[in-house]
1. Just to be sure, is T162 modelled with pLDDT under 90, surrounded by 11 or more Cβ atoms within 10 Å (Cβ to Cβ), out of contact with any helix residue (DSSP H, G or I) (no Cβ under 6 Å at 6 or more places or on another chain) and outside any helix (DSSP H, G or I)?
2. R101 passes all but one of (1) at pLDDT 90 or above; (2) under 24 Å from A156 (Cα atoms); (3) charged (D, E, K, R); which number fails?
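The values are calculated or read from the model by the stated rules, or taken from the named source; none is laboratory data. From a predicted model like this one, the values you see are computed outputs, not experimental measurements. In this analysis, Cβ positions are derived from the backbone assuming ideal geometry, glycine residues included, and neighbour counts consider all displayed protein chains.
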Amino acid sequence: MDVMSLIKDLYNISGARVSVHDANGNELYAYPFKLSHFCEKIQENIFTLRNCIECDQKASAKLTAGCKPYIYRCSCGLLEAIAPIHSSGILTGFLMMGQVRDELEGNNRHILKSSRSLFKTEEEQREFFGKIQMLEFNKFESYARLMGVMAEYITANNRFPTKADGLPELIKKY
């Protein structure tokens with residue numbers, strides 16, 4: 001089974017966007033290809049885009065060999081999860097899933113408060129907010145565990161293209 005089929009399947013059962021990244025954080029595959037409407041709007045602003053990137057970089061820095069999926073909230077408060085992909089013991093990439101909100105009212109207030117200045121009107125903000133996929137937190141945790149199993153499958157079956165440029169990586173691989 002190819003990687004794209006797997007991420008489409010996870011999206012189909014979870015409703016959360018799923019993406020595959022190389023070790024530098026560059027997105028290689030995603031389903032759906034486009035960001036959620038809310039995240040597109042958030043990333044139109046250079047400052048909030050920078051916050052999104054920093055948040056994802058901090059999450060990827062927590063990944064180690066044998067690491068389980070790490071669940072976190074993005075800078076706007078949306079749920080995200082990340083799981084490592086390895087090749088010959090080297091972190092070569094990761095799976096990400098998210099751009100969803102949960103049922104907790106406090107988290108929803110945080111999303112609205114953190115994004116208020118990016119919308120022309122409160123009505124526009126509520127419209128974008130209403131389009132965000134909502135999942136119960138415990139279901140999101142279950143989907144994140146499935147994503148972790150997918151990452152292990154990709155790792156075990158060498159389904160992820162790697163490029164070892166540095167001497168340390170080549171030595172470790174040898």
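1. On the way: modelled with pLDDT under 90: yes; surrounded by 11 or more Cβ atoms within 10 Å (Cβ to Cβ): yes; out of contact with any helix residue (DSSP H, G or I) (no Cβ under 6 Å at 6 or more places or on another chain): yes; outside any helix (DSSP H, G or I): yes.
Answer is yes for this residue.
2. Exception for R101: condition (2).
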